[in-house]
Amino acid sequence: MDTTTLINEVRDSGYCVIEGVVPEDRCVDIRRRLLAVVDCHRRSSSPGRIGFVPSVINHDQSFANDLANPRLMQIATALLGHDLRISFTSVIVNEPGNERGGWHADWPFNQNNAGHIEAPYPDAVFHLTTLWMISPFSEDNGGTLVVPGSHRRRSNPTHSDHDVDVGESLATEVNVAGPIGSVLLFDSRLWHSTAPNRTDDPRVALAVRYAPWWLNLEVLRPESNERRWLCEQTGKNENEVPPIDRDVFAQLPDNVQPLYRHWVKTQR
């Protein structure tokens with residue numbers, strides 16, 4: 001599809017699939033490397049049979065050249081404006097036999113997070129989530145579940161007063177499918193859920209989230225005072241996004257460095 005059509009899909013349905021972002025032969029190498037990173041660095045607090053590593057770019061940069069893909073940047077800029085920043089870079093592996101997850105919206109709309117925008121939400125795009133299909137996505141292997149159009153609702157099932165149970169199946173839900181090397185891009189307000197992998201092979205994805213220059217990301221920084229204050233005040237936890245090592249940043253492509261310059265580890 002042309003870029004204008006994809007932008008309109010995000011505005012209308014909350015998501016789109018951009019095909020052909022990463023060549024298949026490179027995905028094979030990236031997949032191998034990411035699975036090795038998960039073997040060594042997976043978060044023990046992740047749900048069962050989900051391999052998760054935050055700030056995976058500290059451990060592997062094989063995908064770095066693609067993060068500023070011109071077509072992707074054109075769509076993200078149309079939705080968020082100029083001077084984009086990357087807020088999260090994670091690897092997520094749905095391993096065979098993983099369980100279905102609960103409906104939620106991503107940060108900063110998840111009401112379970114210490115730092116969140118209070119519902120009811122304004123009808124505006126504040127944050128974008130992308131899932132890079134390092135494996136092809138299908139209904140069988142855990143292609144992400146989404147509810148088209150749910151990004152226009154004023155809250156999501158993480159809100160205590162919501163009338164939808166986080167675990168229930170919905171008649172309008174869709175398993176997003178796409179060929180290897182595609183990118184699922186969605187408004188972070190969109191209701192989505194982890195889907196079960198019923199195959200014998202892990203489904204590997206990169207989760208890269210893009211923020212406008214004005215969105216405060218400090219609550220995500222592990223040692224920030226804002227994170228500490230918000231967690232103490234709300235009694236809730238928050239995502240932790242480790243800073244980028246300075247030597248990793250120095251080796252990133254010139255057009256990718258601006259996406260991370262706010263997140264470089266400070267010298268001590």
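What follows is calculated from the coordinates using simple rules that are stated; it is not laboratory data. Small disclaimer: the values here were computed from a predicted structure and weren't measured. Positions of Cβ are backbone-derived with ideal geometry, glycine not excepted, and every protein chain shown enters the neighbour counts.
Label separation (A36 vs D83): 3.9 nm, computed from points 7 Å beyond Cα along the C-beta direction. Remark: the stretch 248-257, residue by residue, has Karplus-estimated 3J(HN,Hα) of 5, 4, 4, 8, 6, x, 4, 7, 9, 3 Hz, where x stands for each Gly or Pro and the curve is 6.51 cos²θ - 1.76 cosθ + 1.60 at θ = phi - 60°. Overall form of the stretch 162-220: oblate. Here a/c, set by the Cα gyration tensor axes a ≥ b ≥ c, is 1.5 or more, and a/b is not larger than b/c. Distance between Cα centroids, the stretch 71-141 to the stretch 190-204: provide it in whole Å. So the two Cα centres are separated by 15 Å. Over all alpha-carbon pairs in the stretch 163-268, figure out the percentage whose distance exceeds 17 Å. That fraction is 71 percent. Other residues with beta-carbon under 10 Å from the beta-carbon of S90 carry, at +1 per Lys or Arg and -1 per Asp or Glu, a net charge of +2. Residues S55, S87, ranked from the fewest to the most other C-beta atoms within 10 Å, line up as S55, S87. Using a ≥ b ≥ c from the Cα gyration tensor of the stretch 3-255 (square roots of the eigenvalues), is it rounded, prolate or oblate, where a/c under 1.5 gives rounded and otherwise the larger of a/b and b/c decides, a/b for prolate? Rounded. The order of C16, C40, C27, C231, going from fewest to most other C-beta atoms within 10 Å of their C-beta, is C40, C231, C16, C27.
Charge dipole of the stretch 3-255 (Cα centre as origin; +1 on each Lys and Arg Cβ, -1 on each Asp and Glu Cβ, all else neutral): 180 debye, rounded to the nearest 20. Fewest neighbouring Cβ atoms within 10 Å first, the residues D245, D254 line up as D254, D245. Its DSSP H runs of at least 4 residues, each contributing -39,500 (n - 2.57), put the calculated 222 nm mean residue ellipticity of the chain at -6500 deg cm²/dmol, to the nearest 500. GNM on the chain, C-alpha springs below 10 Å: top fluctuator among T194, T158, T172? Among T194, T158, T172, the largest GNM mean-square fluctuation belongs to T172.
A simple count of charges around V183, restricted to other residues whose Cβ falls under 11 Å of its Cβ and scoring Lys, Arg +1 and Asp, Glu -1, yields -1. Rounded, prolate or oblate, given the Cα gyration tensor of the stretch 66-200, with a/c below 1.5 counting as rounded? Oblate.
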